Amino acid sequence: MASETLIEVNDLNFSYPARAILNGINMTMRRGQVIAVMGGSGSGKTTLLRLISGAIQPTSGYVKFAGEVVHELDRDALFKLRRKMGMLFQFGALFTDLSVFDNVAFQMREHTNLPESMIRDLVLMKLHAVGLRGGHQLMPNELSGGMARRVALARSIALDPMLIMYDEPFTGLDPISLSVIGNLIRRLTDSLGMTSIVVTHDVHESLKIVDYVYFIADGVIAAEGTPKEVRESIAPFVHQFIHGEEDGPVPFHYPAQAYRKDLNLEDIVA
Amino acid sequence: MLKQIISGIQNIGHRAIESVWRLGVASRFFILVLLKSGTSLRRFDLVIRELYFTGVLSLIIIVVSGLFVGMVLGLQGYETLQKYGSESAVGTLVALSLVRELGPVVAALLFASRAGSAITAEIGLMKATEQLAAMGMMAVDPIARVVAPRFWAGVISMPFLAAMFSVMGVFGGYLVTVLFIGVDEGSYWSQMQSAVDFRFDILNGFIKSCFFGVAVTAIAVFEGYDAPPTAEGVSGATTRTVVTSSLVILGLDFILTAFMFRGVS
């Protein structure tokens, strides 16, 4: 069971008319795995999540989720598929007009005919899993950033999905909230037997919890491997990324003409 | 020089194309909202919740404004009519002005700035904070769940608010002319009763307010849904809602009046 493939990304290309974003991406994700997708800002990580969820169509190649090719589904089938997916947005994206309880109950009320008493029990169980059962009556504006993300996490596991995608889950959190979220991702993945894809550039936190890492740079997979392999990697890009070096394969300077020429110093001999 | 003229003309062309294109997008969005209204009708509690925010919370501004507009109409009408010795017709003047024009139009203008702007800001902010995207990811269509209930709530509340405005206006006129100035109470009401026709005046006013309700709420939900997901984008969209709906209300009012009252009386 644990080795069953849930997501297969095959030679995936995506480009806007003027610019290629992703170029020949291949990935395999199994059930029970936590997978990190890392890369600099604007490297196409979020685009990859949008392709997996079917929000956008690939230029070529395909994403297969639980045996179904995502971009070939019609709207109803896609919505049906999305009930098996959860997504945690960068800042939680809780519905600000609903309480914590109603946020977690949202999908159950929209998609199931469960009686209200059962919904109540389920919601409290989901909130208990993220440690916020006691805060079920709070409104989103009363929550801290870390708490909001935990509620959003409870909301995304409301219907026991097979996959949860996390878009930058660690951004802007204090060290305690950071490891709380990190550990929750790992624990929920294990206990619910689902798959987690974590898009992040937080190297240290994510390497602690993931099973496999993909590095995306300039739209291609620059490197991949288990956390151990990645830490020991001598590939220049991975080394630069993991150690946060200023200059390397990803240059510090935006491409420009010669510095001396820009300052009109060409004619002057030093 | 020639270059400047050419680029000026190009600019005008670009803007024209852009506006037409945007109008097309808005129309498609409007049709989409209508097609996806099934959820709102099946789960009417969603609409009722929005009715409270758009309708009930707009009541206070509508009631107070209606009262004052009626009082001013009574005062001004009395001043003019008494010169011709026909101050007893002031009730007719107040009622006809309100029911035919001011009720629907001013109520719609107030509705656009009170409820329309709120709808745009709310939907725009929901988009900016990824709430709409999150809803889509949960396999819930944001147009059916968020946009359509707000649209229908606005369409339903508008005629009631316009009627409320007219009623308060007539009462305001009564306060000023009958109670303060001393116009005969009997003639204020009886002249009004005989001059205001249900079919021509009240029904036409009602139809007008229905048109305004559709126009204002359609503009408000579209601007909100279409807003760039930034603070600046949402504020711009809110302003556009108020400006566009005000212009549309006044333009529509002229067209509707031309159709309804041409050659009457």
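Things to note:
- Any chance A:Arg150 is buried (at least 23 other Cβ atoms within 10 Å of the Cβ), within 17 Å of the chain's Cα centre (by Cα), within 14 Å of chain B (Cβ to nearest Cβ) and basic (Lys, Arg): no
- Residue list for the range A:83-96, restricted to those being of a type outside the set (A, V, I, L, M, F, W, C) and more than 17 Å from A:Met147 (Cα to Cα): A:Arg83, A:Lys84, A:Gly86
- Residue in the range A:78-89 that is without any contact (Cβ under 8 Å) to a residue 24 or more places away in the chain, assigned to a helix (DSSP H, G or I) and within 14 Å of another protein chain (Cβ to nearest Cβ) present: yes
- Among the residues of the range A:34-77, those that are hydrophobic (A, V, I, L, M, F, W, C), over 27 Å from A:Ser191 (Cβ atoms) and assigned to a helix (DSSP H, G or I) comprise A:Leu51, A:Ala77.
- Filter result for A:Ile185 (of a type in the set (Val, Ile, Thr), under 22 Å from the mean Cα position of the chain (by Cα), surrounded by fewer than 18 Cβ atoms within 10 Å (Cβ to Cβ) and more than 14 Å from every other protein chain (Cβ to nearest Cβ)): no
- Failed criterion for A:Glu142 (all others in (1) within 25 Å of A:Met29 (Cβ to Cβ); (2) acidic (Asp, Glu); (3) more than 14 Å from chain B (Cβ to nearest Cβ) hold): (1)
- First in the range A:222-238 and part of a strand (DSSP E or B), second anywhere and of a type in the set (Val, Ile, Thr), Cβ under 6 Å, 6 or more apart: A:Ala223/A:Val238
- Tabulated pairs, the range A:1-30, first without any contact (Cβ under 8 Å) to a residue 24 or more places away in the chain, second in a strand (DSSP E or B), C-beta under 6 angstrom, 6+ apart or interchain: A:Thr28/A:Thr5; A:Thr28/A:Glu8
- The single condition from (1) touching a residue at least 12 places away in the same chain (Cβ under 8 Å); (2) more than 13 Å from every other protein chain (Cβ to nearest Cβ); (3) of a type in the set (A, V, I, L, M); (4) surrounded by fewer than 22 Cβ atoms within 10 Å (Cβ to Cβ) that A:Val130 fails is (4).
- Of all residues in the range A:96-114 being surrounded by fewer than 18 Cβ atoms within 10 Å (Cβ to Cβ) and of a type in the set (A, V, I, L, M, F, W, C), the one that is nearest to the other protein chains (Cβ to nearest Cβ): A:Leu98
- Residues in the range B:114-148 that are touching a Ser or Thr at 6+ places or on another chain (Cβ under 8 Å) and either farther than 30 Å from A:Asp160 by Cα or away from every other protein chain (no Cβ under 12 Å) (or both): B:Arg114, B:Ala115, B:Gly116, B:Ser117, B:Ala118, B:Ile119, B:Thr120, B:Ala121, B:Gly124, B:Ala148.
- A:Leu124 being away from chain B (no Cβ under 14 Å), within 30 Å of B:Ala118 (Cα to Cα) and either more than 14 Å from the chain's Cα centre (by Cα) or free of Cβ contacts under 8 Å to residues at least 40 places away in the same chain (or both): no
- Close pairs from the range A:35-61: first under 18 Å from A:Val213 (Cα atoms) and modelled with pLDDT of 85 or more, partner assigned to a helix (DSSP H, G or I) and not hydrophobic (A, V, I, L, M, F, W, C), Cβ under 7 Å, at least 6 apart: A:Ala36/A:Ser206; A:Val37/A:Lys45
- A:Met1 vs. criteria surrounded by fewer than 19 Cβ atoms within 10 Å (Cβ to Cβ) and either touching a helix residue (DSSP H, G or I) at 6+ places or on another chain (Cβ under 7 Å) or at pLDDT below 90 (or both): yes
The values are calculated or read from the model by the stated rules, or taken from the named source; none is laboratory data. None of the values given here were measured: they were computed from a predicted structure. All Cβ positions, glycine included, derive from the backbone under ideal geometry; neighbour counts span all protein chains shown.
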